[in-house]
Amino acid sequence: MLVDTESLVLEVRVHSAEVPDEDGIRLLLEPARDRLRRLWHLWVDAGYQGRGRRWAEEVLGVSVEVVRKPKKKPLPEKVAKVWTEEWAKEGKEVNWQRVMPPRGFRVLPRRWVVERTFAWICHNRRMAKDYERLCATAEAFVYAAMTRLMVRRLARA
């Protein structure tokens with residue numbers, strides 16, 4: 001799914017699970033190439049790094065930024081304290097707790113934009129589960145759900 005910065009759908013492609021994400025980006029952007037001439041930057045999930053990212057940069061001429069998840073294993077407190085003690089010997093004042101990575105949930109930059117779109121789409125009962133046999137039907141229902149959302153917003157304005 002390709003969305004703009006306001007989480008509105010620009011392009012949707014549904015494909016089988018045997019197509020890797022690196023090839024999926026090509027399936028998504030190739031047909032929309034002419035309509036999206038103003039597209040110049042993409043934020044993508046880590047699954048799109050590699051040949052998908054290279055293809056987007058070389059063929060489409062867009063800059064691609066991969067949004068990565070933070071490391072799962074946090075820095076041990078003992079190591080952080082040792083580092084800050086060494087920095088203190090060099091004359092740098094550093095609080096060891098600030099060296100520690102934050103615990104718990106963290107919002108990844110730009111990742112929430114497409115996740116919000118998925119949440120909006122799932123408000124439609126038909127989209128809560130994947131019932132469709134054909135990929136084209138699933139794509140059509142995504143467009144119908146987003147059209148419904150945008151019409152409701154326009155009616156309120």
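Step through the residues of segment 83-89 one at a time and calculate ³J(HN,Hα) from phi using the Karplus curve (6.51 cos²θ - 1.76 cosθ + 1.60, θ = phi - 60°), rounding each to whole Hz and writing x for Gly and Pro.
4, 5, 5, 5, 5, 5, 5
Once phi is turned into θ = phi - 60°, what whole-Hz ³J(HN,Hα) does the Karplus curve with 6.51, -1.76 and 1.60 give for every residue of segment 5-22, x standing for Gly and Pro?
6, 9, 6, 8, 6, 9, 8, 9, 9, 10, 9, 5, 6, 6, 8, x, 4, 4
Summarise the long-distance tail of P(r) for the chain by giving the % of C-alpha pairs beyond 25 Å.
Summing the P(r) tail past 25 Å for the chain gives 48 percent.
For the chain, modelled as a GNM with alpha-carbon contacts under 10 angstrom, which of Asp130, Asp23, Asp45 fluctuates the most?
The residue with the greatest mean-square fluctuation here is Asp130.
How high is the FRET efficiency between Val107 and Asp130 when r is their beta carbon distance and R₀ equals 35 Å, given to the nearest 0.05? Please list the in-between numbers first.
On the way: r = 26 Å, r/R0 = 0.76.
For R0 = 35 Å, the calculated efficiency reads 0.85.
Before I look further, what does the chain give for accessible area per residue, probe 1.4 Å, in whole square angstrom? Each step should come with its number before you reach the end.
Working: 11840 Å² over 157 residues.
Computed with neighbouring chains in place, this is 75 Å² per residue.
Contour minus end-to-end for Ala144 and Val82, with contour as 0.36 nm per residue of separation and end-to-end as the Cα-Cα distance?
Length gained between Ala144 and Val82: 16.6 nm.
Within the P(r) computed for segment 1-80, what percentage of the Cα pairs occupies the region above 19 Å?
I get 42 percent for the Cα pairs in segment 1-80 exceeding 19 Å.
For helix 135-156, what angle does its Cα long axis make with the longest principal axis of the chain, in degrees from 0 to 90 and rounded to 10?
The angle comes out near 80 degrees.
Could you list which residues have their amide H under 5 Å from that of Leu42, counting only those 5 or more apart in sequence or on another chain, with H placed in the peptide plane?
Ser63, Val64, Glu65
Express the carbon and sulfur contribution to the solvent-accessible surface of the chain as a percent, rounded to the nearest whole number, probe 1.4 angstrom. Intermediate results must be reported in sequence, preceding the final value.
Details: 6310 of 11840 Å².
Within the chain, the accessible surface is 53 percent carbon and sulfur.
Could you pull out every residue, at least 5 positions away or on a different chain, whose amide H is within less than 5 Å of the one on Leu10? Hs are placed 1.01 Å off N in the peptide plane, and Pro or chain starts have none.
The answer is Leu2, Val3, Asp4.
Using only Cα atoms and rounding to the nearest 10 degrees, what angle (0 to 90) does helix 111-121 make with the longest principal axis of the chain?
Roughly 40 degrees, rounded to the nearest 10.
The values are calculated or read from the model by the stated rules, or taken from the named source; none is laboratory data. No experiment lies behind these values; they were computed from the predicted model shown. Neighbour counts run over all protein chains shown; Cβ positions are idealised from the backbone, glycine included. We work out accessible area using only protein heavy atoms, side chains counted, and drop any ligands, DNA or RNA first. Shrake-Rupley method; radii C 1.70, N 1.55, O 1.52, S 1.80 Å.
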